[in-house]
Each structure stands twice: as structure tokens, then as C-alpha cells.
Amino acid sequence: MKYKHLNYEQRYTIECMLKSGFKKKSISETIGVSESTLYRELSRNKQKRGKYNAKYAQMLAILFLISCLGLMGFPITYTFIGEDVLYSHIKVNEYYLVFFTASSYIVGGIALVRMYARLFSGNHVKTYHPTPIKTA
């Protein structure tokens, strides 16, 4: 299994298979994700009545992505304008201020992308080395 986002088709498949009464293990195998990803998706995106809705889940994922991009200072957002104003008032000899400000924006952006990936993706499975077998 790869570290990937669920798209709308996968969410719609989850919704249809749950309504049809399939087990969660067979649903996760059908859409190609781990069971923990499926359980996380179901627990995170239930509506008030406890039913899973694919449209609601997709809307929530897109809304959270837009929020993360806005916090990172993505162009055409208010934080980008704030960053631009901040950098325009820094003098030429204040290179240390530019370095620390830029570093904080980079670290914050990486943290937000990792947070989004962790919340809306499955577990990260490392495919470049074998998984050790546990013995009793």
C-alpha cells in the first residue's frame, strides 16, 4: 500500500459498499488502502447521524487543504500579502531577520503539509526495505 490521498471515487465506493453491507476488510482491499486508513476515514468523516457520506468527506478534505495553503502563505491569500508587506519593510543590512523569517515560513509550510498528509492519507509504508517478521 502506498501513502496516498483518497479521491472521490474511492470515497463513493466506501459509501456504496457500506450501504450494501460489506465488511471493512473487503472494502479496504477493494479500494487499495490499509484497514487503518479506512477506519480513520470512517471515524473522521461521519455526519451527525453516524452515517458516512462521500460528498461530505471530499468537501472536508478540500476545505482543509485550502486552509493549509492559506496558512502557508500561498499566493492570493491574506497571509501572502502579510508576508509581502513584512519583507518590504526589512532593510538591506538586516539579513539575519530575512533568514530567520524565511526559515520559519519554510518550517511552518512543511509542518502544515505533513499535517494534511497525516490526517487525510493512510499510514506511510516504507517500500524500500523489508518489514521484519515478528517471532514469538
- Message: Pick from 63, 119, 97 the residue whose mean-square fluctuation is largest in a GNM of the chain, springs joining Cα atoms under 10 Å.
- Response: 97
- segment 9-20 - phi-based ³J(HN,Hα) in whole Hz, Karplus 6.51/-1.76/1.60, Gly and Pro as x: 4, 5, 5, 5, 4, 4, 4, 5, 5, 5, 5, 7
- Among 20, 67, 28: highest mean-square fluctuation, GNM of the chain, C-alpha pairs under 10 Å: 20
- Query: Where the eigenvalues come from the Cα gyration tensor of the chain, what are the semi-axes √(5λ) of the equivalent ellipsoid, largest first, in whole Å?
  - Reply: 39, 21, 9
- Task: Sum up the charges of everything whose Cβ sits under 15 Å from the Cβ of residue 63, counting Lys and Arg as +1 and Asp and Glu as -1, but leave residue 63 out.
- Result: +3
- Over the chain, calculate the relative contact order: mean separation of alpha carbon pairs under 8 Å at least 6 apart, over the residue count, as a percent. 35
- Item | Candidates 70, 50, 109: whichever shows maximal mean-square fluctuation once the chain is modelled as a Gaussian network with Cα springs under 10 Å | 50
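Laboratory data are not the source of any read-out in this text; all were calculated from the coordinates shown. This structure is a prediction, so every number in the text was calculated from the model and none was measured. As a convention, Cβ positions derive from the backbone with ideal geometry for all residues, glycine included, and neighbour counts pool all protein chains shown.
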